[in-house]
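To start, the structure itself, in structure tokens.
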Amino acid sequence: MSTPRVKICGITRPEDAVQAARAGADAIGLVFYPSSPRYVDPRRAARILAALPPFVTTVGLFVNADAGLVREYLRELPLDMLQFHGDETPEYGAAFQRPWIKALRMRDGADPAGVAREYAAAGARGLLVDSYVPGTPGGTGERFDWGLLPRESALPLILAGGLTPANVAEAVRQVRPWGVDVSGGVEVRAVTGATLGGIKDRHAVRAFLRAAKA
Ligand SMILES: O=C(O)c1ccccc1NCC(=O)[C@H](O)[C@H](O)COP(=O)(O)O
């Protein structure tokens, strides 16, 4: 089994991007979904991307966005890859001539093997499997039943949803994904335990990377 790639998603500050890269992150994700607490506008995104050292993949995340808006972001920002986290069709994903991955939320009856086949045929590079929480397209902090994932898939699987420094090693052992993706599990927490959307905790980021790649 190869060492899983790690994406730290929902970065909102240049310093968090640099810390994640220094800790060994393979990719960072920027959320361009305005209702997310981790939303970054293009000017902030540009500052984050400009701060990054080389050889870290930059991923722009959209949820059912107008195709024109995605093109605008692509003109303005040096994004390496797109992540579509809503109900985007394979044809939509293929329209941007940029490497892209599709997210699948694992609601009852989800068929990750079938979805992987369908999106692979359209040129997707990976399938990110995440938890299904009604009304919240992503960044839920919730786990799902990893036993529902197929052993074989037409696309590299990226496991997401409620991963933390404490559970990621077990997740990697069980699922053997190509990559893992985390957002809330490496964020600074208020005294109530709630995450402070978007502010990454550098100790948690380091611990997550160590555990995922051990
Ligand atoms: O992070 C968000 O706020 C978000 C909002 C809307 C769509 C997707 C979003 N995040 C996508 C990701 O790739 C997250 O890393 C993934 O959902 C896992 O999040 P978490 O359970 O908090 O680790």
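The values are calculated or read from the model by the stated rules, or taken from the named source; none is laboratory data. These figures come from a predicted structure and were not determined experimentally. Quick reminder, even Gly has a Cβ in these numbers, built from the backbone with ideal geometry, and neighbours come from all protein chains shown.
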Subject >> Residue in the range 54-66 that is assigned to a helix (DSSP H, G or I) and either free of Cβ contacts under 8 Å to residues at least 24 places away in the same chain or within 15 Å of the ligand (Cβ to nearest atom) (or both) present >> reply: no
**OP:** Considering only residues that are crowded, with 20+ Cβ neighbours inside 10 Å and not aliphatic (A, V, I, L, M), look in the range 94-130 and name the one that is farthest from the chain's Cα centre (by Cα).
**Re:** Y119
Subject >> Condition met for G141 (buried (at least 21 other Cβ atoms within 10 Å of the Cβ) and either within 23 Å of R107 (Cβ to Cβ) or modelled with pLDDT under 95 (or both)) >> reply: no
Original post:
Which one is farthest from A204 (Cα to Cα), of the residues in the range 158-181 that are among the aliphatic types (A, V, I, L, M) and surrounded by fewer than 21 Cβ atoms within 10 Å (Cβ to Cβ)?
Top reply: V175
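Keeping to the range 41-76, report how many residues are of a type in the set (S, T, N, Q) and on the phi > 0 side of the Ramachandran plot. Before you say what the answer is, go through the steps one by one.
We begin by selecting, within the range 41-76, every residue of a type in the set (S, T, N, Q); these are 57-58, 64.
Filter once more, so that each one left must be on the phi > 0 side of the Ramachandran plot: 64.
Qualifying residue count, the range 41-76: 1.
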**OP:** Report yes if some residue within the range 87-100 is free of Cβ contacts under 8 Å to residues at least 12 places away in the same chain and not hydroxyl-bearing (S, T, Y); otherwise report no.
**Re:** yes
Original post:
strands (runs of 3 or more DSSP E) wholly in the range 95-214 with at least 1 residues that are under 26 Å from S2 (Cβ atoms) and more than 10 Å from the ligand (Cβ to nearest atom) - which ones?
Top reply: 100-105, 126-130, 157-159, 179-182, 195-200
**OP:** Could you please tell me which pairs satisfy a Cβ distance under 7 Å, a separation of 6+ or placement on different chains, a first residue in the range 134-153 that is under 13 Å from A116 (Cβ atoms), and a second residue that is at pLDDT 95 or above and away from the ligand (no atom under 16 Å from the Cβ)?
**Re:** P150/A113; S153/A113; S153/A116
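Condition check ((1) within 23 Å of V18 (Cα to Cα); (2) surrounded by 14 or more Cβ atoms within 10 Å (Cβ to Cβ); (3) of a type outside the set (D, E, K, R)) across all residues:
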| site | (1), (2), (3) |
| --- | --- |
| Y33 | yes, yes, yes |
| P37 | yes, yes, yes |
| I48 | yes, yes, yes |
| P53 | yes, no, yes |
| T57 | yes, yes, yes |
| G60 | yes, yes, yes |
| E76 | yes, no, no |
| L79 | yes, yes, yes |
**OP:** Check A46 against each of (1) away from the ligand (no atom under 15 Å from the Cβ); (2) touching a helix residue (DSSP H, G or I) at 6+ places or on another chain (Cβ under 6 Å); (3) in a helix (DSSP H, G or I) and name the one condition it does not meet.
**Re:** (2)
